[in-house]
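See structure below.
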Amino acid sequence: MNYNEIAKLVMSRLVATKDGGAGNPEDHMNLSTWEWPQGVAMYAMMKVYLKTRNPADLEDIRDWYAQHIRRGLPARNINTTAPMLALTMLYEETGDAQYRPLIEDWANWVMTGLPRTEEGGFQHIPTHDVNEEQLWDDTLFMTVLFLYRAGVALDRRDWREEAKYQFLLHIKYLHSQKTGLWYHGWCFIGRHHFGEAYWARGNSWFTCGAVDFIEWLNQDDEANDCVKLFILNAWKEQSLKLVELQDKETGLWHTLLDYDDSYLETSASAAIAYGLLKGVRLGLLTGCEAAAQKALAGVIAQVGEDGIVGGVSYGTPMGHTKDFYRTIPIEATAYGQGLTFLMLTEVM
């Protein structure tokens, strides 16, 4: 089976759930919900379409957004912003004017309505918690990428500049100077990193999100070279450390990156593989080709004959101990599917 066929198989499991065909509304595998797992999946699906140019894929994406817009979108927060990223790409691709007011309104909310931490950080407020004065690495992928793409699509330099600032601020507080890895979160109240865990999927949001962000900055004539260099250096330092910690037998990464007694986790490994593969292709990384290919093979080995990606840890709130991350259950999820075919876009 070639990479295109694997991607179609993985995607087919999500398309089957877009009308609630599997699971329930609280199930991370179900595309009938508008939340961050679905946002990750739609971003990956949009990237797959841009590779294949299959009209049926584009129609599936348009239908998904049309259903949710008709139904009414949920309250706005960091996580419910995630599906807006692919919608912005859809607007850029199709020029369909119906999407523009929603993109503009949501981006304005991010700029003026989203709670801020000290130093103007985007407070990681999801659907069920306030998380006062907290920065999480998830935020960069779930909200900041959208804000930048919206700034490109609607020609708003202020949105693009805010997105750059958020990357810099999150690097300041979440990037470990000792290891190059990322802590899951930072709280200005008490000024601490919670359980001080190097959580794999949290790290992977930066590995895969920053490489896309760097590519976009390279396309932005107004982008500040110092900002690009700062983000690139943080990303490269993290990527090289991840290669060092990769499980040599499977090519995957442990859910606690520096603890071999924590389980190997597929969604993070797929996102890391995407970042490494793309970094190699763009000439941003040297000496990482073998690790990237090993990760690719390791993730593909987790794809079942039915298209379900195995070994994916469920949604993970902030942990105050390292043992918390060891006990997150393994379940099929939309983001596990999505991150796997996001990875596959680099080899299709």
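Of the residues contained in the stretch 170-190, one or more are found to be buried (at least 16 other Cβ atoms within 10 Å of the Cβ), among the β-branched types (Val, Ile, Thr) and in a helix (DSSP H, G or I). Residues of the stretch 305-348 that are in contact with a His (Cβ under 6 Å, 6 or more places away or on another chain) and in a helix (DSSP H, G or I): Ala334 alone.
Against the numbered list (1) part of a loop (DSSP other than H, G, I, E, B); (2) surrounded by 19 or more Cβ atoms within 10 Å (Cβ to Cβ), Ile214 comes up short only at (1).
For Pro101, are the conditions met, namely being outside any helix (DSSP H, G or I), surrounded by fewer than 18 Cβ atoms within 10 Å (Cβ to Cβ), at negative phi and not aliphatic (A, V, I, L, M)? Spelling it out, it is not the case that Pro101 is outside any helix (DSSP H, G or I), surrounded by fewer than 18 Cβ atoms within 10 Å (Cβ to Cβ), at negative phi and not aliphatic (A, V, I, L, M). Report yes if some residue within the stretch 218-234 is more than 19 Å from the chain's Cα centre (by Cα), on the phi > 0 side of the Ramachandran plot and among the small types (Gly, Ala, Ser); otherwise report no. No, the stretch 218-234 contains no residue that is more than 19 Å from the chain's Cα centre (by Cα), on the phi > 0 side of the Ramachandran plot and among the small types (Gly, Ala, Ser). Name the pairs whose Cβ atoms lie under 7 Å apart, with the first residue in the stretch 68-84 and free of Cβ contacts under 8 Å to residues at least 60 places away in the same chain, the second assigned to a loop (DSSP other than H, G, I, E, B) and of a type in the set (Asp, Glu), and 6 or more positions between them or separate chains? Final answer for the pair search is Thr80/Glu35.
Give the residues of the stretch 301-331 that are hydrophobic (A, V, I, L, M, F, W, C) and either without any contact (Cβ under 8 Å) to a residue 24 or more places away in the chain or crowded, with 21+ Cβ neighbours inside 10 Å (or both), sorted by residue number. Walk me through how you get there before you give the answer.
Taking the stretch 301-331 first, the residues hydrophobic (A, V, I, L, M, F, W, C) are 301, 303, 308-309, 312, 318, 324, 328, 330.
Hits for the stretch 301-331 are Val303, Val309, Val312.
Only a single item in (1) part of a loop (DSSP other than H, G, I, E, B); (2) at pLDDT 95 or above; (3) surrounded by 18 or more Cβ atoms within 10 Å (Cβ to Cβ) is not met by Ile272, and it is number (1).
What number of residues in the stretch 174-196 are of a type in the set (Gly, Ala, Ser) and under 21 Å from Val130 (Cα atoms)? So that I can check it myself, show each step before the final result.
Just the residues of the stretch 174-196 that are of a type in the set (Gly, Ala, Ser), to begin with: 176, 180, 185, 190, 195.
Next, from what is left, pick out any that are under 21 Å from Val130 (Cα atoms): 185, 190, 195.
Residues flagged as of a type in the set (Gly, Ala, Ser) and under 21 Å from Val130 (Cα atoms) within the stretch 174-196 amount to 3.
Look through the stretch 58-86, keep the residues that are in a helix (DSSP H, G or I) and among the basic types (Lys, Arg), and return whichever of them is surrounded by the most Cβ atoms within 10 Å (Cβ to Cβ). My answer is Arg62. Residues of the stretch 125-153 that are touching a Gly at 6+ places or on another chain (Cβ under 7 Å) and among the acidic types (Asp, Glu): Asp137, Asp138.
Kindly evaluate Gly298 against the criterion of being more than 21 Å from Ala210 (Cα to Cα), at pLDDT 95 or above and either in a loop (DSSP other than H, G, I, E, B) or hydrophobic (A, V, I, L, M, F, W, C) (or both).
Numbers: more than 21 Å from Ala210 (Cα to Cα): yes; at pLDDT 95 or above: yes; either in a loop (DSSP other than H, G, I, E, B) or hydrophobic (A, V, I, L, M, F, W, C) (or both): no.
Against the criterion (more than 21 Å from Ala210 (Cα to Cα), at pLDDT 95 or above and either in a loop (DSSP other than H, G, I, E, B) or hydrophobic (A, V, I, L, M, F, W, C) (or both)), Gly298 does not qualify.
Pairs meeting the criteria (first residue in the stretch 99-126 and modelled with pLDDT of 95 or more, second residue surrounded by 13 or more Cβ atoms within 10 Å (Cβ to Cβ) and of a type in the set (D, E, K, R), beta carbons under 6 Å, at least 6 apart or on different chains) are Trp109/Arg76; Thr117/Glu133. Residues in the stretch 137-159 that are touching a residue at least 60 places away in the same chain (Cβ under 8 Å) and over 18 Å from the mean Cα position of the chain (by Cα) were compared, and the one that is farthest from Cys208 (Cα to Cα) is Arg157. The single condition among (1) closer than 22 Å to Ala301 by Cα; (2) at pLDDT 85 or above that Leu50 does not meet is (1).
The values are calculated or read from the model by the stated rules, or taken from the named source; none is laboratory data. A quick note: this is a predicted structure, and the numbers were derived from the prediction, not measured. Positions of Cβ are backbone-derived with ideal geometry, glycine not excepted, and every protein chain shown enters the neighbour counts.
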